[in-house]
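The values are calculated or read from the model by the stated rules, or taken from the named source; none is laboratory data. Just so we're clear, the structure is a prediction, and the values are computed from it rather than from any experiment. Ideal geometry is used to build each Cβ from the backbone, glycine not excepted, and the neighbour counts take in all protein chains shown. When the accessible area is computed, the model is the full protein with side chains, heavy atoms only, and any ligands, DNA or RNA have been set aside. Shrake-Rupley method; radii C 1.70, N 1.55, O 1.52, S 1.80 Å.
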Amino acid sequence: MREPYRIVGLWVRVILLVVLLWGGLVTVLSETPRDRAVADFQAALRTGRVTYVIYKGDNSHLNGLRWSTSPLLWYRLTDPWNLTYTKHDLQRELSTELPNTARAGPVVRDVSAHNNRTGLFPGWPFRVPVPHLSWTVRFAWIVTFLIMLGTARPRIGNRWAWFWLFTVGQIGAVMFLFSEPRPLSYGLEPQRSAHTGQMGGGQGCAMAIGLSFVVSVIVAWALAGVVHTLLDMLAFP
């Protein structure tokens, strides 16, 4: 009688994991864009290829303008500190350069007052820069967090350990879906062996702090480099 529930549970885990991995990849690529000139941005606006714009700054100066033409293709203005491109210029071009079609313009987001977190919780699942679909990542993260709280006997760590991995650790939700309450690689097979040495809250917090540095510095840039290389091989500009 438990087999149908295990099948449904496995598929739910896989779907949640795919959504979170997709959201994480898009977020990493948006933070590691390729350099382009202002003329490239203006040309992309005129042809209606810009889907998302992120910037910091005010009417005197824009710092780090980024834009995308698809979820995996992100660009930024070359040497933005040396340009005189302002928020007023951006607003003018958004109103005049867009093609006169029924297609909606790009999503524009000012992140001057934002950071990478939402209180204690990580910011990336709640600000994935994809028009109309970013809610799916928020939903997947929240559902995974609730599943973690409702899991009676986690294998690797207790609920406090997982709480810190979900929040400070940034990628705790992805780790949980891979490993709890049994490794995803087992599929529908029975649990092979019991896991001993469950982490407590203190150990989970220490691991989460280490993970936050690894994810933000090493994993993100390495992943972005691999994806950019693949896009170059596939002849994406």
Nearest 0.05, what FRET efficiency do Asp40 and Leu133 give at R0 = 25 Å with Cβ-Cβ as r? 0.50
Measure off 7 Å from each Cα along the Cα-to-Cβ vector at Asp232 and Leu10, then give the distance between these two points in nanometres to one decimal. 4.0 nm
Take each of the peptides 89-95, 69-75, average the number of other beta-carbon atoms within 10 Å over its residues, and list them starting from the highest. 69-75, 89-95
At 1.4 Å probe size, put Tyr52, Tyr5 in order of accessible surface, largest to smallest. Tyr5, Tyr52
